[in-house]
1. Failed condition for B:T4, given (1) more than 22 Å from the chain's Cα centre (by Cα); (2) at pLDDT 95 or above, with all others met?
2. Among the residues of the range B:214-244, write down those that are more than 7 Å from every other protein chain (Cβ to nearest Cβ) and modelled with pLDDT of 75 or more.
3. In this structure, is B:V69 closer than 27 Å to A:F210 by Cα and surrounded by 15 or more Cβ atoms within 10 Å (Cβ to Cβ)?
4. Working only within the range A:61-80, note down all residues that are farther than 14 Å from A:I106 by Cβ and either within 14 Å of chain B (Cβ to nearest Cβ) or within 16 Å of DNA strand C (Cβ to nearest atom) (or both).
5. How about the range A:18-48: which of its residues are outside any helix (DSSP H, G or I) and within 10 Å of DNA strand C (Cβ to nearest atom)?
6. Here are the criteria: (1) buried (at least 17 other Cβ atoms within 10 Å of the Cβ); (2) at pLDDT 95 or above; (3) not basic (K, R). Tell me which single one A:N56 does not satisfy.
7. Before we move on, is B:S122 away from chain A (no Cβ under 11 Å) and either among the aromatic types (F, W, Y) or without any contact (Cβ under 8 Å) to a residue 40 or more places away in the chain (or both)?
8. Where the second residue is crowded, with 18+ Cβ neighbours inside 10 Å and the first is aromatic (F, W, Y) and lies in the range A:87-110, which pairs have Cβ atoms under 6 Å and are six or more apart or on separate chains?
Protein chains: 2
Amino acid sequence: MTDTLQAGPRPRLNRARVLEAAVALADEIGIESLSMRRLAQELGVVPMALYKHVANKEELLDGMVDVIVGEIDPPAADADWKSGVRSRILSARHTLQRHAWARRAIETRTAMTPRVLDYMDSFVGVFLTGGLSLDLTHHAMHALGGRVWGFTQELFEDPAAPAPAVSDADRAEMLRQAAQRYPNVVAIATSVTHDEGSVVGHGCDDQFEFEFALDLLLDGFERLHARGWTSRGAKTQQSNTEAAKTAR
Amino acid sequence: MTDTLQAGPRPRLNRARVLEAAVALADEIGIESLSMRRLAQELGVVPMALYKHVANKEELLDGMVDVIVGEIDPPAADADWKSGVRSRILSARHTLQRHAWARRAIETRTAMTPRVLDYMDSFVGVFLTGGLSLDLTHHAMHALGGRVWGFTQELFEDPAAPAPAVSDADRAEMLRQAAQRYPNVVAIATSVTHDEGSVVGHGCDDQFEFEFALDLLLDGFERLHARGWTSRGAKTQQSNTEAAKTAR
DNA sequence: ATCGTTAGGAGTACAGTGTACGCCTCGGGT
DNA sequence: ACCCGAGGCGTACACTGTACTCCTAACGAT
């Protein structure tokens, strides 16, 4: 009677099983209907059992995002930076489309998990190994951020806040460890603040990043307008990039 | 004793007062802490009293978005399309920054209020009177959509769903009325589906719109990279557009 | 001045949410 | 044989949105 009417003894719960079940359930019933109770019921378990594997619902959502980040294809190393970034973003988009709730869930996230940082680090790496400067890469990440993730603009704001009670030595040690695991993002974070001689954080001009991406788009519109561009041909035979190239 | 310790008789509640109080309260305590009970308390009223002026919380949030949309500066009519769009978007951004909750609230919205449609219509108008084609304007709106609002991609999906039980005649009448109030958005909506001879809706290739904006940005990065562009000068003295122009 | 109507606020109630706290029950190491 | 701790159970609480019923004050018509 301990096992309901399932066959065999119920396998033990663990974090991975909880997260995967949560993702599957969110796929099915939507993120707004996903409650701890509903998820527990799906796992044949009492609600509070989940809290042995997840601190709270917030952390559950963090974990779910981690799962879907893991589903994004790694970048193809051989390609040039442009097609590398392009395929990476399209892969991310594809993944987000398979999990309709993911976009909304990501937007509400406030913390930055290691897996997400790994993802960003490899993303930045594609730009840097492609020869782009730290400066340009930084702005490019911001410009693309709104298109892939919602968190990018907060990347360089948060890290300062969560650990206010550490000594300078500890802080330096943490940064050294971070630099080991996320060399690319740390390189960018330090380079942007290096110019003004400040510490990490608060060195990122959000207004500039916004206008940077905006003007890139507006310039693009203007160029296409001047060329008399139309989407009729581009849609069927070739990508925008190619269309723009031929029109150039 | 009917009035608590406020001076004078409490002014009657109305929709505008509810909405404004909700906006002010959200500014203060954040959107996630805004509950019907808390709002009612702020207005010195019992929770259920609010439901005489808003159907439910969803509609309350819709109304709050309407309020902040109304705060965005109207476009300056005299400028060229590019600077018109630019200043409009920067004004929108400025408004969204004053209400930190607004971005998140907008992203959860699913319905399209008349005020929002008005806003979009005037926005489209800036492009069209600037001489851009319907086609290019359409894609430009999508490309900018993710940057200003989160709803743009659903614009051409929803209108078909909410009214499934109307006759073709009624549908045509509704569209005629819509064309009168929102001439620009209707022009775009009909033009995009016109090509394939289908009815309104379902004519918008989301994947294409995504790649359109993506490639515009990537091409921009590439161009700046080739020019050896750096943000050092651009940040202090001039905008990106100007910097790009001088480098061109 | 009296009436009925009605809009708008009050009160109660209910189902559903996240989660704090304590208990119980196994499986495995000593 | 013992213990002990990881992990699941049960109860409980504060809080959410909102349905339903009642009451009261304002107002136009008689």
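The values are calculated or read from the model by the stated rules, or taken from the named source; none is laboratory data. Please read all numbers here as calculations on a predicted model, not as lab measurements. Here the Cβ positions follow ideal geometry from the backbone for every residue, glycine too, while neighbour counts run over all protein chains shown.
1. Failed condition: (2).
2. We begin by selecting, within the range B:214-244, every residue more than 7 Å from every other protein chain (Cβ to nearest Cβ); these are B:223, B:226-228, B:232-234, B:236-238, B:242-243.
If the condition is that a residue be more than 7 Å from every other protein chain (Cβ to nearest Cβ) and modelled with pLDDT of 75 or more, then B:R223, B:A226, B:R227, B:G228, B:R232 are the ones that fit.
3. Details: closer than 27 Å to A:F210 by Cα: yes; surrounded by 15 or more Cβ atoms within 10 Å (Cβ to Cβ): yes.
Here the answer is yes, as B:V69 does meet what is asked.
4. Residues satisfying the conditions are A:A79, A:D80.
5. The first filter runs over the range A:18-48 and keeps only residues outside any helix (DSSP H, G or I), leaving A:30, A:34-35, A:43-46.
Passing the criteria: A:L34, A:S35, A:V46.
6. Here A:N56 clears every test but (1).
7. Numbers: away from chain A (no Cβ under 11 Å): yes; either among the aromatic types (F, W, Y) or without any contact (Cβ under 8 Å) to a residue 40 or more places away in the chain (or both): no.
When the stated conditions are applied, B:S122 does not pass them.
8. As it stands, the answer is A:W101/A:A26; A:W101/A:I31, since those pairs meet every condition given.
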